[in-house]
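Peer 1: First the structure, which I've put down as structure tokens, then a few questions once you've had a look.
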Amino acid sequence: MSGLMGWIDFTRELVRDRPLVTALTATMAPRGPDREVVWVSPHAALGVRTLDTGPAVAGQPYVTSAGGADVAAVVAGTPLGLTDLRDRLRAAGRSLPDSAGAAALVTAAYLEWGTDFVPSLGGAFAIALWDGRTEELMLARDQVGAQPLYYTHTNTGLVFASERKTLLAHPEVSPVVDVAGLRRVVSHALPPGPIFSGFAQVDAGEIAAFGRGGWRRRRYWQLTTRPHEDDVDTTVARIREMLEESVRGQLPADTTGVLATLSGGIDSSSVAALVAAELRRRGPDRLHAFTVDFAQEEFQPDVMRDTKDEPYARAVAERIGAQHTVVPLVPTDILDPVVRLGILRAKDGPARIYDMEASQYLFIQHLATQGAKVVFTGGAGDQLFQGARWSTDRGLIESGTFPWVALALRHGAKHGFGTALFNADVLATLDLPTYYRDEYATRTAAVEYLDGEDDWARQLRKIAYLVLTCGPLDSATFAAAGLEMRAPINNHRLIEYAYNIPAALHAHGGIEKGLLRAAVADLLPDEVVRRKQSATPVSKHPAYARRLQDELKVMLAEPSAPVRPLLDVAAATELANQPMRLAKDRLARAATELMLGINLWLDHYRVRLTL
């Protein structure tokens with residue numbers, strides 16, 4: 001995945017702090033296992049860990065001289081549009097070899113046009129560039145926030161990085177979490193974000209400059225409301241065209257290490273089919289697709305999933321000519337202490353839906369053993385094509401809050417999913433209902449409407465906006481395994497287009513994600529094209545609930561457990577003595593998993609809560 005970090009300080013001589021810069025860069029070793037390089041100047045230092053997925057990542061940090069000073073850059077991720085950028089630079093008189101990597105091209109473009117080149121890039125990227133002429137740092141992040149970029153101020157400067165743990169490793173930074181941070185940790189309203197007190201992030205589609213005079217910031221991309229004038233056939237054709245273009249752009253030149261996740265749902269099946277087709281067009285390489293399943297367990301349908309993934313995934317693999325492997329997971333392995341710590345370190349915070357996220361973590365760790373570096377997924381299909389329940393359920397849409405929060409409330413989670421074991425004092429301090437209401441109002445205030453849209457159309461636009469701006473894909477688990485996740489559906493041009501498609505068109509054919517289904521119907525088995533949405537599988541094996549019960553009892557028996565001040569001890573004790581409830585009650589299970597995760601997080605990260 002690759003990762004970057006940097007340290008700006010106008011009062012120190014950072015050259016003597018090179019060992020610390022190296023140590024900070026090393027915290028991102030899983031993200032970039034192939035190479036580590038640091039560059040240090042008197043007031044600026046940069047470090048980069050790279051995953052070798054092609055020539056774009058080569059030659060970092062890139063340093064050149066301009067106006068008698070150094071200009072240095074690092075780039076994380078895999079930006080698209082580099083070939084066009086190279087051609088534009090050559091036309092402007094700047095000769096760059098075909099082997100020039102992203103950092104070299106970014107530096108040349110900055111010297112030619114300032115930051116005006118950034119909007120021409122696509123894909124997942126984060127850029128850090130130090131201009132020694134003006135002693136100013138430029139940071140930029142991709143349009144959809146696929147590459148993270150956090151920062152925090154020290155007493156005399158600034159530290160920034162692709163991961164929070166890198167900032168926490170700086171001796172002037174402390175792991176303090178206030179009320180706002182804990183709200184983001186435990187609630188499902190918004191992504192966790194920076195979490196720690198004093199931490200912030202460069203927003204998706206933002207360019208930020210930091211110098212002696214402070215910050216200058218500008219948004220270069222955001223969702224824009226416009227009329228959708230294409231008919232159904234044109235819309236379907238346009239979606240197919242943009243998906244094929246996105247796959248071509250994201251498929252590396254060396255395709256021997258390319259894998260795809262395949263659930264047999266329409267999102268992952270669409271991407272796998274398009275990747276397989278592009279591989280056939282390029283040469284002999286055959287796509288290898290992987291499906292996760294639970295060993296020693298009979299499939300049990302529920303309200304979130306009514307069919308088993310494996311038969312559909314197998315049918316897709318046969319149709320597209322992919323080599324197919326089913327990865328069996330042992331349910332209790334999800335609670336292995338090493339797995340718990342691994343997922344915690346991947347996210348720098350507790351998993352919100354532990355069983356689901358931990359099973360994915362184990363699955364992705366297995367993919368990493370296959371020698372791959374690039375994994376294609378169907379991520380963002382629900383968001384773009386209105387596949388989630390909250391995009392079509394009128395009660396959730398009109399709830400006046402985030403519809404995914406409203407869904408939890410509907411099923412009895414009074415303060416949100418997973419919050420049932422917080423004590424009354426903590427719940428009063430967090431005041432999650434007010435938090436949900438205020439954040440919803442703030443986020444939806446940015447929505448633009450078309451003239452003549454009625455109230456229902458405006459409500460639907462609000463939800464589409466929230467889904468696309470409040471739910472960026474989390475690639476942290478892939479990064480922790482030394483893999484680069486590529487999600488062709490999560491393309492900012494496709495997002496712009498899909499956002500303005502009317503809801504009635506999205507339901508083309510009388511099924512959710514009807515437009516996506518129509519766009520790839522010729523590539524997939526009909527039973528997959530018509531398969532209704534099914535959520536990520538989780539284990540229902542009784543051994544998992546028993547193991548969870550044991551862990552809860554151990555935590556309750558420890559008077560100094562870090563989570564104890566947050567815990568409703570009486571409710572947790574009652575639950576620990578009800579193994580059947582943990583096996584069958586999804587809310588009780590989620591609350592237990594979250595408390596165990598918070599306890600480990602507080603302990604391992606030495607978090608100091610300031611509530």
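The values are calculated or read from the model by the stated rules, or taken from the named source; none is laboratory data. Just so we're clear, the structure is a prediction, and the values are computed from it rather than from any experiment. Cβ atoms come from the backbone with ideal geometry, glycine included; neighbour counts cover every protein chain shown. Each accessible area value is taken on the protein alone, full model and side chains, heavy atoms only, with ligands, DNA and RNA left out. Shrake-Rupley method; radii C 1.70, N 1.55, O 1.52, S 1.80 Å.
Peer 1: In whole Å, what are the extents of the chain along the principal axes defined by its C-alpha atoms, from largest to smallest?
Peer 2: Between the extreme Cα coordinates on each principal axis of the chain lie 71, 60, 53 Å.
Peer 1: In addition: How much length is gained if the chain between A29 and T429 is pulled fully straight, taking 0.36 nm per residue apart and subtracting their Cα-Cα distance, in nm to one decimal?
Peer 2: 140.2 nm
Peer 1: Charges at C-beta only: +1 for Lys and Arg, -1 for Asp and Glu. How large is the resulting dipole of the chain about its Cα centre, in Debye rounded to 20?
Peer 2: 540 debye
Peer 1: Right, next: When each pair of different Cα atoms in the range 392-439 is counted once in the 1/r mean, what is the Kirkwood radius in angstroms, to one decimal?
Peer 2: Across the range 392-439, the inverse of the average 1/r is 11.2 Å.
Peer 1: Mind pulling the per residue volume of the convex hull built on the Cα atoms of the range 66-219? Å³ is fine.
Peer 2: Output value, Cα hull per residue: 126 Å³.
Peer 1: Checking the table K540/K584; K308/K540; K462/K513; K347/K462; K308/K532 against a 20 Å threshold on Cα-Cα, which pairs fail?
Peer 2: K347/K462
Peer 1: Can you give the FRET efficiency for A535 and R16, using 1/(1 + (r/R0)^6), R0 = 56 Å, r = Cβ-Cβ distance, to the nearest 0.05?
Peer 2: 0.60
Peer 1: Between N155 and E527, what is the spin-label point distance in nm, taking each point 7 Å from the Cα along the Cα→C-beta axis?
Peer 2: 6.7 nm
Peer 1: Taking R0 as 56 Å, what's the FRET efficiency between A446 and V330 from their Cβ-Cβ distance, rounded to 0.05?
Peer 2: Values: r = 45 Å, r/R0 = 0.81.
Working from the Cβ atoms, E equals 0.80.
Peer 1: Taking 37 °C and 0.692 mPa s as the conditions, I'd like the Stokes-Einstein D for the range 1-71 in µm²/s, using the Kirkwood hydrodynamic radius from alpha carbon pairs.
Peer 2: In µm²/s, the coefficient rounds to 260.
Peer 1: Turning to a different aspect of this structure: Pop a pseudo-label 7 angstrom from the Cα along the beta-carbon direction at both D203 and R606 and give the gap in nm to one decimal.
Peer 2: So the two model labels end up 3.5 nm from each other.
Peer 1: When the scattering of the range 426-521 is computed by the Debye formula from its Cα atoms alone, each counted once and equally, what is log10 I(q)/I(0) at q = 0.15, 0.16, 0.20 Å⁻¹?
Peer 2: For the range 426-521 at q = 0.15, 0.16, 0.20 Å⁻¹, log10 I(q)/I(0) is -0.85, -0.92, -1.11.
Peer 1: Ratio of alpha-carbon Rg to the 2.2 N^0.38 Å globular estimate for the range 530-611, to two decimals, please. Before the final figure, lay out the partial values.
Peer 2: Working: Rg = 14.8 Å, N = 82, 2.2 N^0.38 = 11.7 Å.
Here the Cα radius of gyration is 1.26 times the empirical estimate.
Peer 1: P(r) for the range 424-467: what percent of alpha-carbon pairs falls in each 10 Å bin, starting at zero?
Peer 2: Over the range 424-467, the share of Cα pairs per 10 Å bin runs 25, 39, 21, 12, 3 percent.
Peer 1: Please calculate how many Å² of accessible area the chain carries per residue, with a 1.4 Å probe and no DNA, RNA or ligand atoms counted. List each step's numbers first, then the result.
Peer 2: Working: 23840 Å² over 611 residues.
Per-residue value: 39 Å².
Peer 1: May I have the pair-distance distribution P(r) for the range 366-469, computed from all Cα-Cα distances with 10 Å bins from 0 and rounded to whole percent?
Peer 2: 13, 35, 27, 18, 8, 0
Peer 1: How much length is gained on full extension from A557 to D285, taking 0.36 nm per residue of separation minus their Cα-Cα distance?
Peer 2: The A557-D285 span can extend by a further 92.4 nm.
Peer 1: For A571 and E453 in the same chain, what is the full-extension length gain: residue separation times 0.36 nm, less their Cα-Cα distance, in nm?
Peer 2: Gain on stretching A571 to E453: 37.7 nm.
Peer 1: Quantify, in whole percent, the carbon and sulfur part of the accessible surface of the range 372-495 (1.4 Å probe; protein heavy atoms only).
Peer 2: 49 percent
Peer 1: Applying a 10 Å radius around every beta-carbon, put 407-414, 246-253, 482-489 in order of their mean neighbour count, most first.
Peer 2: 482-489, 246-253, 407-414
Peer 1: Exactly which chymotrypsin sites (Phe, Trp or Tyr not before Pro) in the range 440-541 are in a DSSP loop and have at most 15 other Cβ atoms within 10 Å? Working shown, then result.
Peer 2: Details: sites: Y440, Y449, W456, Y465, F478, Y497, Y499; in loops: Y449.
When the chymotrypsin sites (Phe, Trp or Tyr not before Pro) of the range 440-541 are filtered for loop state and at most 15 Cβ neighbours within 10 Å, Y449 remain.
Peer 1: Then there is this: Lys/Arg Cβ at +1, Asp/Glu Cβ at -1, dipole of the chain taken about the Cα centre: which of T536, H170, A208 is farthest positive-ward?
Peer 2: H170
Peer 1: What is the spread of the Cα atoms of the range 363-424 along each of their three principal axes, largest first, in whole Å?
Peer 2: Per principal axis, max minus min of the Cα coordinates gives 47, 35, 14 Å.
Peer 1: Per residue and in cubic angstrom, what volume does the convex hull of the Cα atoms of the range 481-523 have?
Peer 2: Given the Cα convex hull of the range 481-523, per-residue volume reads 109 Å³.
Peer 1: Pick out, from I195, T442, L602, the residue whose Cα sits farthest towards the positive end of the charge dipole of the chain, with +1 on the Cβ of Lys and Arg and -1 on the Cβ of Asp and Glu.
Peer 2: Sorting the options by dipole projection puts first L602.
Peer 1: Given Cβ point charges of +1 (Lys, Arg) and -1 (Asp, Glu) and nothing else, what value in debye, to the nearest 20, does the dipole of the range 173-291 about its Cα centre take?
Peer 2: So the magnitude is around 580 debye.
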